[in-house]
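Presented below is the structure to which this report refers.
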Amino acid sequence: MVEPSKVRFEIRLPMYYNNGREIELEKHNQTIKEIYEKFGAYTLQTVTIGGWQDPNTNKFYEERMGGIFVDVDKERLNDTIAFLREYKQKLKERFQQEEIYIVGYELYVI
């Protein structure tokens, strides 16, 4: 049986501020550069559309977002999670968001 050897992290980045104004390309480019400098690689995902409802206000939001994927060796998992927890706060400020969605899951590299 093949064991998972890597973990993929997806960082979802909005294309628009909550007021509908487009987020400056420089902010996305800066984020890509920082991810590359930290991990030495990245994969960009083109724009996707997602929706969610704020449980506090019941307001529905539909958002256009892109994504950055980073695959890391499982040996680096704890360090990567620690980095991403801190980095998430920076991204929330940069993109003026209540939340930045970051998920990780195991990869089976065949």
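Structure notes:
- Residue selected from the range 42-56 under the condition hydroxyl-bearing (Ser, Thr, Tyr) and in contact with a Gly (Cβ under 9 Å, 6 or more places away or on another chain), by the criterion surrounded by the fewest Cβ atoms within 10 Å (Cβ to Cβ): Thr46
- Condition check for Gln97: surrounded by 12 or more Cβ atoms within 10 Å (Cβ to Cβ), in a helix (DSSP H, G or I) and either small (Gly, Ala, Ser) or out of contact with any helix residue (DSSP H, G or I) (no Cβ under 6 Å at 6 or more places or on another chain) (or both): no
- Scope the range 64-76; condition of a type outside the set (D, E, K, R) and modelled with pLDDT of 95 or more; matching residues: Ile68, Phe69, Val70, Val72
- Residue in the range 8-18 that is part of a helix (DSSP H, G or I), in contact (Cβ under 8 Å) with a residue 40 or more places away in the chain, surrounded by 11 or more Cβ atoms within 10 Å (Cβ to Cβ) and of a type in the set (Ser, Thr, Tyr) present: no
- Test: residue in the range 75-85 that is of a type in the set (A, V, I, L, M, F, W, C), touching a Leu at 6+ places or on another chain (Cβ under 9 Å) and not in a strand (DSSP E or B): no
- Looking only at residues of the range 34-55 that are of a type in the set (Gly, Ala, Ser) and in a strand (DSSP E or B), we find that the one that is nearest to the chain's Cα centre (by Cα) is Gly50.
The values are calculated or read from the model by the stated rules, or taken from the named source; none is laboratory data. Bear in mind that the values here come from a model prediction, so they are computed numbers and not experimental data. Cβ sites come from the backbone with ideal geometry, for glycine too, and all protein chains shown count toward neighbours.
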